[in-house]
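One structure is given here, and the rest of the page talks about it.
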Amino acid sequence: METNKPIQAYSNALKEICPELNSDEITFMCNKVTITNLKANELYLRAGEIQKSIAFSFRGLLRSFYINDKGEEITIDFTKENTYAADYGAFINQKPSKYYIETLEPCLIVNVPFTAIQECYTKFKNCEKFGRLIAEIHLNKVQNRINSFLFYSAEQRYLHFISRNMNILNRITQTHLSTFLGIKRQTLTRIRKKIIQSI
């Protein structure tokens, strides 16, 4: 695949988040990225590593997870096309991550380096706004996830997930989804059966 297609998709995503970005700013940012092809089940980030680039998925699905004290993998996020995979807190501070990011499918990734992001902030005012908007998006995502565990039942969390992610539902395993929802796989099976019977 031509490298200009994923970079164009990244450019479009920049503009969608921050329409104020002008052509010079977008060109500068796009000139700093690299492209990576990964097979399914490859790690983009390992726990203990410092993430040097944010992963923008042009093609393919990724999963972020950690390993608990029982040795179980707990999924915390799925990254579909045209969205970003990162341990944002660790990335912003360039600290070792506590999470793994792996590909669930063959992926074509646009790598956005931390150094390039910082350079953009220095050179362009609109890029600072873009960074703030990205931070707000991430904060809202984290807050919504916290709220889902505080105020919603397992069934409500599942329904909320499928309402927003129907296009990836058949691309993830029940095991990964159940850990993301904070429930046992058997519980997820019961919830799905109940919903199907009610239709």
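Some points to look at:
- Hits in the stretch 176-194 (condition: open to solvent by 60 Å² or more (accessible area, probe 1.4 Å) and not in a helix (DSSP H, G or I)): K184
- If the condition is being open to solvent by 40 Å² or more (accessible area, probe 1.4 Å) and either in contact with a strand residue (DSSP E or B) (Cβ under 6 Å, 6 or more places away or on another chain) or within 22 Å of I7 (Cβ to Cβ) (or both), then the stretch 76-93 contributes I76, K80, E81, N82, T83.
- Enumeration of residues in the stretch 84-132 that are over 17 Å from Q51 (Cβ atoms) and of a type in the set (S, T, Y): Y121, T122
- Within the stretch 18-43, the set of residues being in a strand (DSSP E or B) and either at positive phi or open to solvent by less than 50 Å² (accessible area, probe 1.4 Å) (or both) comprises T36, L38.
- Pair list, Cβ < 8 Å and 6+ apart or interchain, from the stretch 181-194 residues that are without any contact (Cβ under 8 Å) to a residue 40 or more places away in the chain to residues that are in a helix (DSSP H, G or I) and acidic (D, E): I191/E155; K194/E155
- Among the residues making up the stretch 94-140, a single one is more than 24 Å from Y44 (Cα to Cα), open to solvent by less than 70 Å² (accessible area, probe 1.4 Å) and of a type in the set (S, T, N, Q): N126.
- Qualifying positions in the stretch 58-75 - over 18 Å from N170 (Cα atoms) and either among the polar types (S, T, N, Q) or open to solvent by 30 Å² or more (accessible area, probe 1.4 Å) (or both): F58, Y66, I67, N68, D69, K70, G71, E72, E73, I74
- Filter result (under 19 Å from F65 (Cα atoms), assigned to a helix (DSSP H, G or I) and touching a residue at least 40 places away in the same chain (Cβ under 8 Å)) within the stretch 146-175: N165, I168, R171
The values are calculated or read from the model by the stated rules, or taken from the named source; none is laboratory data. Bear in mind that the values here come from a model prediction, so they are computed numbers and not experimental data. Backbone-built Cβ (ideal geometry, glycine too); neighbour counts: all protein chains shown. Ligands, DNA and RNA are excluded from the accessible area calculation, which covers all protein heavy atoms including side chains. Shrake-Rupley method; radii C 1.70, N 1.55, O 1.52, S 1.80 Å.
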